[in-house]
Amino acid sequence: MAHTDCAYCMIGENDELVGAFGIPVCDLPASRLILFKEQSHPGRCIVASKRHVDDISDLTEEESTAFMADVRHVAAALHKAFSPDKINFGAYGDTMHHLHFHLVPKYASDSFEFGDVFAMNPGRVTLTDGEYAELAKKIVDAL
Ligand SMILES: [Zn+2]
């Protein structure tokens, strides 16, 4: 069931909610891929379940397997597209009760947060619409 106040549920119907922090890129079998607007870590994105559930344990075994396959697929694409030294994964959802994973590429050459926990939104790096489109294309081409 779609929740009208949920940014992830409203993708395609009301992109203003997700637009506060992200840009929808494409649909995957069990999820939606969203480019995170704050790009301190180039390629940072979100994989959000297509189904509104609070926690991964609320998915069925099959749904969970499909969702994690999408996460794995996107991680592989990020490695291919950006060659990070490591990808950090974060599933918090303390205030956003719709299952989503943050995929945060980390680069040893960039001391910002390398070897540390990534901030939810450090508010350091925003790009132009053209630059976001370029990043999104790079990820999609690597999927
Ligand atoms: Zn939702």
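Every number in this text was worked out from the coordinates using simple rules, so none of it is lab data. Everything quoted here is computed from the prediction, not taken from an experiment. Every residue, glycine among them, receives a Cβ derived from its backbone with ideal geometry; neighbour counts consider all protein chains shown.
The charge dipole of segment 15-142, taken about the Cα centre with unit charges on the Cβ atoms of Lys, Arg (+1) and Asp, Glu (-1), comes to about 400 debye, rounded to the nearest 20. Taking each residue as 0.36 nm, the span from Ser111 to Met96 lengthens on full extension beyond its C-alpha to C-alpha distance by 2.5 nm. Against the chain, whose longest principal axis comes from its Cα atoms, helix 129-142 is set at around 80 degrees. Let me check I've understood the local charge: for Gly93, count other residues with C-beta under 10 angstrom from its C-beta, Lys and Arg +1, Asp and Glu -1. What total comes out? Every neighbour counted, the sum reads -3. With pairing defined as another cysteine C-beta under 4.7 Å, the cysteines of the chain that fail it are Cys26, Cys45. Dipole orientation for segment 1-141: of the candidates His73, Thr95, Ile34, His73 has the Cα lying most toward the positive pole (charges on Cβ; Lys, Arg +1; Asp, Glu -1). The charge dipole of segment 68-143, taken about its Cα centre with unit charges on the Cβ atoms of Lys, Arg (+1), Asp and Glu (-1) only, comes to about 200 debye.
By how many nm would the segment from Ala119 to Asn14 lengthen if fully extended, with 0.36 nm per residue of separation less the alpha-carbon distance?
Working it through step by step, the gained length comes to 35.1 nm.
For the chain, adding -39500 (n - 2.57) for each run of n ≥ 4 DSSP H residues and dividing by the number of residues yields -9000 deg cm²/dmol at 222 nm. Could you pull out every one of the lysines with an alpha carbon less than 25 Å from that of Lys50, ignoring same-chain neighbours closer than 8 positions? Output for Lys50: Lys37, Lys80, Lys137, Lys138. Annotation for segment 1-36 versus segment 52-111: alpha-carbon center distance of 15 Å. Residues in segment 9-18 carry Karplus couplings, in order, of 5, 8, 4, x, 9, 8, 7, 5, 5, 5 Hz; the curve used is 6.51 cos²θ - 1.76 cosθ + 1.60 with θ = phi - 60°, and Gly or Pro positions show x. The angle between the Cα long axis of helix 61-82 and the longest principal axis of the Cα atoms of the chain comes to about 20 degrees, rounded to the nearest 10. Can you tell me how segment 15-142 classifies by the Cα gyration tensor, rounded, prolate or oblate, using a/c under 1.5 as the rounded cut? Here segment 15-142 falls in the rounded category. When the label point is put 7 Å from the Cα of Asp55 along its Cα-to-beta-carbon vector, which residues of segment 1-24 have a backbone N closer than 20 Å? 1, by backbone N distance to the label point.
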